[in-house]
Structures are given as C-alpha cells and as structure tokens.
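S.K.: Next up is a structure, given as structure tokens.
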Amino acid sequence: MPLFKSVLFTLLLAVAEAATIAKNAYNCTSFIVHVPVNNVTVVVPPIPPFTDQHTATWFANLITEDFTLPQDASGAPSLSTLTTTFNISAEYCTPAKPGPKASTLQILTHGLGFNRTYWDFYLPSAPNNAQYSYINTATGAGYSTLSWNRLGHPPTTVANPYTQIQAPVELAVLAGLTTLVRAGNVTQVPIPQKVIHVGHSWGSILSNALAATAPTLSDGVVLTGYSHQAIFNALFIASTGLRFINQNQPARFPNSTYSTGFLTWPDKYANQYSFLEYPYFDDNVLNYGESGKWPFTLGEFLSAALVPLQAPSFKGPVLYLAAEADLIFCASNCTTFFGPTSAEVTAFNGSSSVETYIQPNVGHGINLHYNATGAYNVVMNWASRHGF
Ligand SMILES: *[C@@H]1O[C@H](CO)[C@@H](O)[C@H](O)[C@H]1NC(C)=O
Ligand SMILES: *[C@@H]1O[C@H](CO)[C@@H](O)[C@H](O)[C@H]1NC(C)=O
Ligand SMILES: *[C@@H]1O[C@H](CO)[C@@H](O)[C@H](O)[C@H]1NC(C)=O
Ligand SMILES: *[C@@H]1O[C@H](CO)[C@@H](O)[C@H](O)[C@H]1NC(C)=O
Ligand SMILES: *[C@@H]1O[C@H](CO)[C@@H](O)[C@H](O)[C@H]1NC(C)=O
Ligand SMILES: *[C@@H]1O[C@H](CO)[C@@H](O)[C@H](O)[C@H]1NC(C)=O
Ligand SMILES: *[C@@H]1O[C@H](CO)[C@@H](O)[C@H](O)[C@H]1NC(C)=O
Ligand SMILES: *[C@@H]1O[C@H](CO)[C@@H](O)[C@H](O)[C@H]1NC(C)=O
Ligand SMILES: *[C@@H]1O[C@H](CO)[C@@H](O)[C@H](O)[C@H]1NC(C)=O
C-alpha cells in the first residue's frame, strides 16, 4: 500500500475508532429447536479419521489443490444418506416496541470460526457499545431476527465432523428451521409475514443453496462475505494447515467431545490474515475473536460442492454485500467480481432484483471491523427499499 494511502486511511480510522454506537432497546430470547433432517445426501469421507496432525496437514496439501476431492476412481464421490433430529440453539430478537417491520424475520446464519454471536458481537470491556452488533442495527431498523448455532456449536448438537457436519446437512437444518418457524412450530417466534435469509461466508453458501433448493421458503436473500469464486478458499485452507482444535485450544475443546475432524487455524495472526483488513480493526476485537473462536470441520470442505448455488426459481430480491478485501472469496480484492454477467448475479436469473455492494475497508469478517455498522446500514436500506 502506498504510504500516502496508509496515512490517509489512518486518519479515517481515527474517526471510525472514536465512534461508539448506542444500544437500542431490543429483547432476545434463546431456546432449543428440535430440527429433523430426512434422507439427506452426505459424502463418505475418502480417508479414515486423522490419527495425528501430520496426516491432517498432509490432507491440507491435497485439498489446497482441489477441495472437492472425495472421489472414487470413476470421479464420483461416494455418497450415503442421513436421517436424524438435531438440537439447534437459536435466539429470537425483536424491538422492545415492535412496529410493522417486526413481522419481517431475518434468519441469520453464521460462517466458519464463529457461533451465532457473530451477529450480536460485543466486547466484554464495552458491553454498551453496539458498534459490532448486526442485531442491534436490524432491530433498531424495526426488524426481528433469528440467529442460530450451526452444528458443532453447543448447545446445538456436536455431531460427527467427518460424516454429519456437512454442507447438505446444514442446508437441511436451515430449511427445516425455516419451515418450522413459518408453520408456527417454534413457540417463541411469532409466525413471520416475510422471511429474509442473511448469511455470512459459509452461512451465505447455505442461504444461497436454500434459495436454490427451496425457493419458496425465502422472500429475500442477503449474502455477505461471499462470492462464487471458490478457488480462493484454498488460501484459507493453506493458512490453517488444518490444525486440530483439541490441541490448539484444549481447555475449550477437549478431545473427548471434539475429535480430529474439528479444525482451526494456528493463531491470532492467521485469524487476521483470513478475516480482517489492517488497520481497520481493534486488536482487542481480534484477541477476543481468537480466544472465543469455533472450529470448522473436515466434512464441510469435503461436501461443499454438493449444494447447488444456481437459483433460477428464486423470485425475491438478492443483495450481495462483499467485503472489499475478502481473502477467502476474492484473494483480498473483490472489486472485479459481481458484474452483471458474473456467476454471482446470473445464479439468480429469475430474481426480481440482484444488487451488489462492495463494503470498503473490511476483510472477510465484516462484523469485526470498525465500520461494521456502515455495512449493516447498507443491508437495512436495501431491505427497506424492497418493501420489507
Ligand atoms: C433417499 O434418497 C435417495 C436418493 O438420494 C432415494 O433413492 C431413496 O429412495 C430415498 N429414501 C427414502 C426412504 O426416501
Ligand atoms: C421487551 O422487554 C421490556 C422489558 O422487559 C418489556 O417492557 C417489553 O414489553 C418487551 N417487548 C417485547 C416485544 O416483548
Ligand atoms: C438433544 O437434547 C436432549 C436434551 O438435552 C438430549 O437428550 C439429546 O441427546 C440431544 N440430541 C442430540 C441429537 O443432540
Ligand atoms: C408443527 O405443528 C403442527 C401443528 O401444530 C403439528 O401437527 C406438527 O407435527 C408440527 N411439526 C413438527 C415437526 O413439530
Ligand atoms: C486427549 O486429551 C488428554 C488430555 O489432554 C490427553 O491425555 C490424551 O492423550 C488425548 N488423547 C488423544 C487420543 O489425543
Ligand atoms: C458463542 O461463543 C462465544 C465465544 O466463544 C461464547 O462466549 C458464547 O457463550 C457462545 N454462545 C452461544 C450461544 O453458543
Ligand atoms: C483491486 O483491483 C482493482 C481492479 O483490478 C484495482 O483497481 C485496485 O487498485 C485493487 N485494489 C487494491 C487495494 O489493490
Ligand atoms: C436461468 O439459468 C438457468 C440455469 O441455472 C437456465 O436453465 C435458464 O434458462 C435461465 N433462465 C433465463 C430466463 O435466462
Ligand atoms: C462505512 O460504510 C459505509 C457504507 O458502506 C460507507 O459509505 C462509508 O464510507 C464507510 N466508512 C468508512 C470510514 O469506511
């Protein structure tokens, strides 16, 4: 970065840093939803569970080249099916004084490395500064939210990270949760009039795939920290070396519960490399994010290619909110993607509207940057313009 640019950015930063955002009045309630999944297709892992870190790091070499790897000699992945019921931890939030927009429910699906608090992030040292809370901005704009912990994030079920915590299963959970909410089966959540699915990263893959496979379950889709350029995910894999979380943070993740299929990156600087754009974040946020990080699973990478992203039957509006310097989905520069003929836009060729917005001065983990609220306002503005 040229020196003049970094000096300028540092000045901007001083302004952003000073801003604290007042907390709105919103009420939240958390609960467990029993979500059945029926006959979901899963990949049979092509290797036995990792026995030591050497085998996992070696596998990182293989999937850095091609993480759609699980194929037999004929080139087809070996498949199985899964039928079970999971416990899903969810949180419903609504404005303390709900207005008409509160009947629009935003279903928030987090990405790898976080749990659902990604959407309601507060530093313990500043519990009244809502600078990083998406839910604060959404409820402040009048909407209700339902955030949920994906599989492997307690009190949601810690399922098998090789055979069960896979993309099609998590998609089935998102579809199942949405179906239950829409039908009034989740007693804590009033039946919504409209549902918007908002994802971050892996959560955007799932929300995009929901629009592709169950288009009538959603009225609008917001895909943050995401593109269809999956090849750059290899940079993330390489930066992690597929470290075992039970060795990286053994106190939080004992090997009795978290087997070698639960993976992470080595340290806070690997976290910064994949998730944050220097100097647009607070080191305290990075430290807190790293100390409270959550693992991803081998099964997720083995199965990512199984969920469809082409959503020609989806009728509602779509917003891509890309992070300008997203390493994982754009090799740290998103500005050339998302044009009118891009894979991102043409995937929704039946949609009433596809908008794309590049959020400046953020890396992949948008919500952990100084100007997170700027990005949230883009989403609320979009929602309002589209009649939500
Ligand atoms: C499960 O799905 C497979 C296809 O993936 C299908 O062949 C099979 O009949 C289904 N089984 C049941 C019980 O629905
Ligand atoms: C939110 O909580 C406050 C304080 O308990 C209460 O007065 C208000 O009615 C609640 N609002 C909703 C929508 O539940
Ligand atoms: C769901 O929670 C109940 C009650 O805590 C527990 O008995 C059950 O084993 C859990 N099921 C799964 C699949 O985690
Ligand atoms: C949803 O609610 C309906 C009506 O109350 C009930 O018949 C149905 O069994 C419920 N479904 C689930 C999956 O809980
Ligand atoms: C699991 O963790 C315990 C406690 O740290 C350790 O003694 C044990 O060797 C570990 N087991 C395996 C299989 O790594
Ligand atoms: C989410 O993760 C944070 C950080 O590890 C933790 O403090 C919090 O209890 C978790 N919340 C839920 C609902 O899982
Ligand atoms: C990102 O790419 C665009 C188009 O190639 C280029 O103009 C811009 O300078 C790049 N941004 C950075 C920060 O390198
Ligand atoms: C939309 O894309 C699908 C492929 O996903 C294609 O089959 C269909 O013809 C396209 N529809 C229009 C209106 O271009
Ligand atoms: C914060 O985000 C908003 C919305 O994208 C943008 O207009 C503004 O320029 C950003 N501010 C900084 C300092 O990056």
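S.K.: Given axes a ≥ b ≥ c from the Cα gyration tensor, I'd like to know whether the chain is rounded (a/c under 1.5), prolate (a/b larger than b/c) or oblate. Please report the intermediate quantities before stating the final value.
M.R.: On the way: a/c = 1.36, a/b = 1.12, b/c = 1.21.
It is rounded, given that a/c, with a ≥ b ≥ c, falls under 1.5.
S.K.: Suppose only helical runs count, i.e. DSSP H with n ≥ 4. What mean residue ellipticity at 222 nm does that imply for the chain under -39500 (n - 2.57) per run, divided by all residues and rounded to the nearest 500 deg cm²/dmol? Working shown, then result.
M.R.: Numbers: 13 runs with 121 residues, N = 388.
Helices in the chain give a 222 nm mean residue ellipticity of -9000 deg cm²/dmol.
S.K.: Moving to a separate point now. For segment 169-322, which whole percent of the accessible surface, found with a 1.4 angstrom probe, sits on carbon and sulfur atoms? Could you put the intermediate results ahead of the total?
M.R.: Values: 2740 of 5060 Å².
So the carbon and sulfur contribution to the accessible surface is 54 percent.
S.K.: Calculate the spin-label point distance for T84 paired with I47, positioning each point 7 Å from the Cα along the beta-carbon direction, and give it in nanometres.
M.R.: Here the answer is 2.2 nm between the modelled labels.
S.K.: Another question, then. Taking only complete DSSP H runs, can you tell me which helices of the chain stretch 18 Å or more along their own long axis by Cα positions and average at least -1.0 on the Kyte-Doolittle scale?
M.R.: Sorted by number, the helices that extend far enough and score high enough are 3-18, 53-65, 167-182, 372-385.
S.K.: Still on this structure, please answer the following. With every protein chain in place, what's the accessible area of W58 (1.4 Å probe, Å², nearest 10)?
M.R.: Surface accessible to solvent at W58 totals approximately 130 Å².
S.K.: How far is it, in nm, from the label point at N349 to the one at R385 when both lie 7 Å from their Cα along the line to the Cβ?
M.R.: In this crude spin-label approximation the distance works out to 2.5 nm.
S.K.: So what's the convex hull volume per residue for the Cα atoms of segment 206-332, in Å³? Please report the intermediate quantities before stating the final value.
M.R.: Values: hull volume 16.3 nm³, N = 127.
Considering the Cα atoms of segment 206-332, their hull volume per residue is 128 Å³.
S.K.: Using a 1.4 angstrom probe, figure out how much accessible area the chain has per residue, in square angstrom, rounded to the nearest whole.
M.R.: With the other protein chains kept in place, the chain gives 39 Å² per residue.
S.K.: Here's another thing I want to ask about it. Pop a pseudo-label 7 angstrom from the Cα along the beta-carbon direction at both Q247 and N39 and give the gap in nm to one decimal.
M.R.: 4.2
The values are calculated or read from the model by the stated rules, or taken from the named source; none is laboratory data. Treat the numbers as computed from the prediction; the structure is a model and nothing was measured. Note that each Cβ is placed from the backbone with ideal geometry, even for glycine, and that neighbours are counted across all protein chains shown. We work out accessible area using only protein heavy atoms, side chains counted, and drop any ligands, DNA or RNA first. Shrake-Rupley method; radii C 1.70, N 1.55, O 1.52, S 1.80 Å.
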